[in-house]
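A.B. asks: Have a look at the structure that comes next, please.
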Amino acid sequence: MTAPQDPCPPPVSTGLLPVTGDTPKILILGSFPSQLSLRHARYYGNPKNHFWRIMEALFDLDPALPYPERIGLLAEHHIALWDVVASCSRPGSADAQITRPVFNDIAGFVASHPTLRLIALNGSTATRLYSRIAGTIAVPSVALPSTSPANARMTPDEKIRRWSVIRDERE
């Protein structure tokens, strides 16, 4: 006997476009933006997420900078941002609730950016989902601890130490 279909699945949400400069060396892939990030059309738009705190520590970014300037400075540091999932159904923001994922064309992004040296995967869900599509992508990847506030197993300082690989790899 099969499980009954949900008569009202969550609506499909579409993620954000990649942000990149001309010569990215690191591509940071999240799983899919939170509802707050989607609402504001900004990567890591939840102020409780540790992503920007980590970037501030690694690249000496001013925490008071507006989002467009932060993105511009990441591009100057040869860092691009995107997500593994282009669209999906998900009630709320929990990665565990992602259903019906449609994947971004990561292989196409890599092919059009030959300067890439590393794909940094933000958390276990991004890592698991990326493994489903990584097949022919020749750029190495590294799984990093999630910057989500739901990942309370590590302190922000521990996350900064682990994420330092992206600073070191682009040099």
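A.B. asks: Tell me whether region 131-139 contains one or more residues that are within 12 Å of Ile28 (Cα to Cα) and not charged (D, E, K, R).
C.D. replies: No: zero hits.
A.B. asks: Now for a different question. Quickly run through region 129-141 and pick out the residues that are free of Cβ contacts under 8 Å to residues at least 60 places away in the same chain and within 23 Å of Gly45 (Cβ to Cβ).
C.D. replies: Residues satisfying the conditions do not exist here.
A.B. asks: Being touching a Cys at 6+ places or on another chain (Cβ under 8 Å) and under 22 Å from Gln35 (Cβ atoms) narrows it down to one residue among Thr147, Thr99, Thr125; which is it?
C.D. replies: Going through Thr147, Thr99, Thr125 in turn, the sole match is Thr99.
A.B. asks: Turning to a different aspect of this structure: Can you name the residue in region 142-171 that is among the small types (Gly, Ala, Ser) and in contact (Cβ under 8 Å) with a residue 60 or more places away in the chain and, of all such residues, is nearest to Glu56 (Cα to Cα)?
C.D. replies: Ser164
A.B. asks: Condition first: out of contact with any Gly (no Cβ under 8 Å at 6 or more places or on another chain) and assigned to a helix (DSSP H, G or I). Now tell me which residues in region 39-50 satisfy that.
C.D. replies: His40
A.B. asks: Scanning region 77-106 for residues that are outside any helix (DSSP H, G or I) and charged (D, E, K, R), which turns out nearest to Ala143 (Cα to Cα)?
C.D. replies: Within region 77-106, the match that is nearest to Ala143 (Cα to Cα) is Asp83.
A.B. asks: Check off (1) touching a helix residue (DSSP H, G or I) at 6+ places or on another chain (Cβ under 7 Å); (2) modelled with pLDDT of 95 or more; (3) not in a helix (DSSP H, G or I) for Ser164 and give me the number that stays unchecked.
C.D. replies: That leaves (3) as the condition not met.
A.B. asks: Something else about it: Answer yes or no as to whether Leu74 is modelled with pLDDT of 95 or more, closer than 18 Å to Gly21 by Cα and in a strand (DSSP E or B).
C.D. replies: No, not satisfied.
The values are calculated or read from the model by the stated rules, or taken from the named source; none is laboratory data. This structure is a prediction, so every number in the text was calculated from the model and none was measured. Cβ sites come from the backbone with ideal geometry, for glycine too, and all protein chains shown count toward neighbours.
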